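See below for the structure under consideration.
The values are calculated or read from the model by the stated rules, or taken from the named source; none is laboratory data. None of these values were measured; they are calculated from a predicted model. Because the Cβ atoms are built from the backbone with ideal geometry, glycine has one as well, and the counts that use them run over all protein chains shown.
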2 protein chains.
Amino acid sequence: MKKHLIIIGGVAAGAKTAAKARRQDENLKITIYTSDKHVSYSGCGLPYYISNTVKSNDELIIRTPQEFKEKQNIDIHTEQLVTRIDPDKKEISIKNLKTNEEYNDKYDYLMISTGAEPFVPPIEGRELKNVFTLRNVTDSIEIKKLIDSGSIKNAVIVGGGLIGLECAEAFKERGLNVTVIELAGQILPLLDTEMAEQVEKHCKEKGINIITGDGVKKITGNSKGIVDKVITGNHEIKTDLVLLSIGVRPNTKIAKEAGIELGVAGAIKVNKRMETNIPGIYSAGDCVESTNILTGEAVFTPLGSVANKQARVAAINMLGGHDEFYGVLGTVIVKVFDFNIAKVGLSEKEASDKGLDCLATTIKAKDKAGYYPGAKIITLKMIADKNTRRILGCQVIGEGIVDKRIDVMVTAITGGLTVDDLEQLDLAYSPPYSPAIDIVIVAAGKLVKDLSREPATKI
Amino acid sequence: MKKHLIIIGGVAAGAKTAAKARRQDENLKITIYTSDKHVSYSGCGLPYYISNTVKSNDELIIRTPQEFKEKQNIDIHTEQLVTRIDPDKKEISIKNLKTNEEYNDKYDYLMISTGAEPFVPPIEGRELKNVFTLRNVTDSIEIKKLIDSGSIKNAVIVGGGLIGLECAEAFKERGLNVTVIELAGQILPLLDTEMAEQVEKHCKEKGINIITGDGVKKITGNSKGIVDKVITGNHEIKTDLVLLSIGVRPNTKIAKEAGIELGVAGAIKVNKRMETNIPGIYSAGDCVESTNILTGEAVFTPLGSVANKQARVAAINMLGGHDEFYGVLGTVIVKVFDFNIAKVGLSEKEASDKGLDCLATTIKAKDKAGYYPGAKIITLKMIADKNTRRILGCQVIGEGIVDKRIDVMVTAITGGLTVDDLEQLDLAYSPPYSPAIDIVIVAAGKLVKDLSREPATKI
């Protein structure tokens with residue numbers, strides 16, 4: 001009889017596992033169960049669908065269940081909630097969300113790619129109409145429909161992180177008055193304060209109202225149960241729409257109940273082969289923890305790019321091969337209006353908090369030859385370890401090209417390059433692409449100079 | 001008495017040496033002699049001045065002699081040709097090109113940054129009017145003036161390398177009919193043939209006439225001594241302007257006559273400290289040879305970005321510090337119409353010619369998330385060593401973003417990353433910047449797969 005691979009969840013990691021497993025084994029029976037209505041879509045594209053940058057949500061769908069079936073003989077069952085895993089019987093229980101019918105299915109290999117779900121704190125009024133989270137295609141359709149109706153004017157976004165700011169831009173593009181509320185003292189708490197302040201200034205110039213250091217106490221509604229106000233410690237804000245984008249939590253309830261060990265932030269603990277503590281059960285994507293390559297610490301970094309890499313490794317190992325997932329560097333990038341914002345590794349504050357002996361430098365420079373049309377300013381902050389001279393982290397923000405610089409820094413950290421190596425990097429130069437001396441080289445050179453001036457570290 | 005640093009040549013390496021030396025030593029007397037009318041300009045920007053992308057040649061000037069004097073007390077003497085170096089007397093002889101007067105000057109430190117000059121083969125007719133080379137600001141002004149006059153229609157470019165193609169675009173932008181003649185069987189001989197063919201196709205679509213595998217036999221002129229035809233082995237082409245862009249040769253005559261050892265392509269041999277065989281005489285920029293970090297071979301790679309790095313190292317060492325220039329990776333990038341073309345390391349052909357046991361893969365993919373507006377196709381060819389699994393080279397071309405990918409590969413080669421490392425690189429992902437799985441990762445993954453299928457290398 002054919003061996004059966006069951007995959008729970010079908011967005012990034014789930015879809016990738018199915019596709020990769022099929023390429024490895026033509027005879028395997030492959031089934032995906034998902035509580036979602038959609039599979040294999042770009043979750044990161046949802047704000048662009050709301051903003052009308054992407055016209056149809058079909059464009060966000062990478063492959064439909066029909067395509068999975070026709071091209072790779074993969075069976076996908078949507079709106080099917082897996083409620084229980086029984087590792088001893090190698091069986092799962094499923095509830096059909098359309099009919100409420102319950103049934104079981106048996107596996108030889110099991111992949112848990114249940115992803116993450118938005119964290120919704122127990123705020124009064126969170127159940128009111130037009131209070132949203134944004135995680136899946138259905139969420140985005142509902143939000144877009146409301147905006148399309150033309151009946152609303154004001155939006156409040158709770159949380160000034162990546163998704164919060166992407167949605168601030170999307171809502172503004174759609175003509176809404178937008179307020180972002182962030183509990184921390186700054187938006188984008190993953191950035192050093194002075195960098196985040198530049199982003200905040202840009203958002204304000206684009207007309208976004210930003211409140212930091214203030215938390216939501218209560219959400220109120222009108223007689224029809226529709227949200228009408230957000231009440232914070234210091235403000236009362238009239239609104240027609242609330243988006244809660246406070247962060248996500250790994251979706252690991254059934255895993256935990258099955259005896260699967262959890263780690264940081266409640267994410268599933270896996271080894272480098274992406275196998276859980278129960279042999280034969282693998283996990284990947286937004287529900288697992290990763291290792292930060294720089295610090296060696298377990299971290300929770302739910303990202304589509306990471307999910308794909310982990311799923312590949314899991315699929316290979318599950319079917320008898322061997323591969324390892326090395327970990328992450330905490331790379332993030334986000335576009336907010338005309339600003340590009342990227343980070344890899346540790347911020348200066350994070351490095352200092354960890355007791356690392358580090359030195360930072362910040363450079364402002366043009367992204368192309370100064371005279372080349374369209375050249376724009378970017379700010380790059382580079383953080384190095386004083387003792388090893390290796391790079392600990394980098395932040396690049398501004399209207400110019402930042403993704404190139406951050407990806408160079410990602411590669412530099414992966415390769416263990418020092419500031420001395422970076423200063424001599426033979427980067428591609430021609431006026432349309434960079435100045436003769438790129439900002440990465442300028443910053444590294446500044447650190448080389450500053451490090452030689454620093455007194456030797458006391459031991 | 002103050003020590004005297006004399007710098008011969010004042011474009012990239014010369015200007016950088018002066019600026020860096022001043023920052024190192026406030027009391028030094030610093031003098032630049034140059035035969036050129038201009039100093040400290042972006043030679044790489046000249047085609048963009050001709051095309052009117054850059055409106056005034058002033059924009060290409062990074063600093064004027066007045067600024068050097070006022071800001072850093074550096075004396076610059078233009079149109080002064082250094083004719084002789086006497087290392088024993090620590091003296092140079094100079095000819096004033098405006099007055100023909102000759103005189104001497106004494107140095108304590110000498111920097112030779114005489115750059116390179118266009119190679120002009122002994123073709124009959126090369127002295128005719130409107131036959132140009134493009135190396136300095138004066139050249140670009142003359143060419144632009146001729147085009148501005150509106151009196152010409154046709155241009156022939158001899159040489160289908162980087163500058164030849166940049167000028168093909170510039171001339172076409174200005175409304176000329178452009179023919180490029182390349183002796184080799186393909187334009188951009190530094191690329192593998194199938195990559196160069198894509199560029200050729202794009203140029204032809206833009207209306208450029210390209211002739212490959214054919215050499216210029218003769219240039220003819222009319223009764224007024226103005227060029228009127230280029231005659232090749234197989235063609236006779238009517239033209240009003242000829243640009244000879246066959247390549248450059250290091251300008252090392254006076255260095256050689258002074259007993260300074262030359263290396264590859266007649267470029268000045270220097271050690272890692274950028275010092276010539278005569279102690280105390282340093283050299284940097286387009287007149288020196290470099291070491292290819294990948295192959296360990298001496299190479300001649302005249303580039304503004306390299307010149308700046310070498311000059312920094314030279315200035316530090318000259319004044320008693322210690323630094324080393326590691327070498328180059330042969331990184332190049334060029335924009336030709338809507339195509340971006342970049343390379344680092346070896347092409348597949350170059351690697352094979354060197355007897356390296358290599359494997360290549362070519363991937364075509366979008367540069368951003370497929371649904372994100374403006375996403376464009378790029379082609380990436382990655383070449384790895386079968387035994388070490390390290391990257392030997394990479395070429396990326398197309399209408400999408402290629403500079404980011406090539407700079408990642410530059411950093412990867414510098415860090416000695418393998419295809420396995422690259423496949424897991426934690427590159428920045430968000431729809432406006434890249435697909436969830438970037439082309440670099442796709443290509444590395446393909447090589448990982450192909451390498452595991454390859455039979456082990458026979459020893």
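Points to keep in mind about this one:
- Matching residues in the range B:314-359 - criterion: being among the polar types (S, T, N, Q), closer than 30 Å to residue B:18 by Cα and within 14 Å of chain A (Cβ to nearest Cβ): B:331
- Any hit, the range A:47-60, residues being over 19 Å from residue B:371 (Cβ atoms) and surrounded by 20 or more Cβ atoms within 10 Å (Cβ to Cβ): no
- Among the residues of the range B:144-178, those that are crowded, with 23+ Cβ neighbours inside 10 Å, in a strand (DSSP E or B) and not small (Gly, Ala, Ser) comprise B:156, B:157, B:158, B:178.
- Set A:237, A:254: member being at pLDDT 95 or above, assigned to a helix (DSSP H, G or I) and surrounded by 14 or more Cβ atoms within 10 Å (Cβ to Cβ): A:254
- Tally, over the range B:171-202, of residues that are on the phi < 0 side of the Ramachandran plot and touching a Lys or Arg at 6+ places or on another chain (Cβ under 9 Å): 11
- Those residues of the range A:276-306 which are among the polar types (S, T, N, Q) and either crowded, with 23+ Cβ neighbours inside 10 Å or within 14 Å of chain B (Cβ to nearest Cβ) (or both), in sequence order: A:276, A:283, A:290, A:291, A:292, A:295, A:301, A:305
- Only residues that are under 19 Å from residue A:286 (Cα atoms) and touching a Leu at 6+ places or on another chain (Cβ under 9 Å) were counted in the range A:81-118, giving 5.
- Within the range B:410-422, not a single residue is in contact with a Leu (Cβ under 7 Å, 6 or more places away or on another chain), within 8 Å of chain A (Cβ to nearest Cβ), charged (D, E, K, R) and free of Cβ contacts under 8 Å to residues at least 24 places away in the same chain.
- Among the residues making up the range A:184-201, those that are within 22 Å of the chain's Cα centre (by Cα) and touching a residue at least 40 places away in the same chain (Cβ under 8 Å) are A:188, A:190, A:191, A:192, A:193, A:195, A:198, A:199.
- Among residues that are in contact with an Asp or Glu (Cβ under 8 Å, 6 or more places away or on another chain) and loosely packed, with under 14 Cβ neighbours inside 10 Å, residue B:98 is included.
- Every listed requirement among (1) under 29 Å from residue A:341 (Cα atoms); (2) assigned to a strand (DSSP E or B); (3) in contact with a Lys or Arg (Cβ under 8 Å, 6 or more places away or on another chain) is met by residue B:407 save one, (2).
- First in the range B:49-60 and at the interface with chain A (Cβ under 9 Å from one of its Cβ atoms), second anywhere and in a loop (DSSP other than H, G, I, E, B), Cβ under 7 Å, 6 or more apart: B:53/A:373; B:54/A:371; B:59/A:371; B:60/A:371; B:60/B:42; B:60/B:54
- All positions within the range A:126-143 that are under 24 Å from residue A:12 (Cβ atoms) and in a strand (DSSP E or B): A:132
- Of everything listed in (1) within 32 Å of the chain's Cα centre (by Cα); (2) within 11 Å of chain A (Cβ to nearest Cβ), the single unmet condition for residue B:372 is (1).
- Qualifying position, being farther than 18 Å from residue A:428 by Cβ and of a type in the set (A, V, I, L, M, F, W, C), among B:402, B:396, B:419: B:419
- Some residue of the range B:426-444 being more than 14 Å from residue B:380 (Cβ to Cβ), assigned to a helix (DSSP H, G or I) and facing another protein chain (nearest Cβ under 8 Å): no
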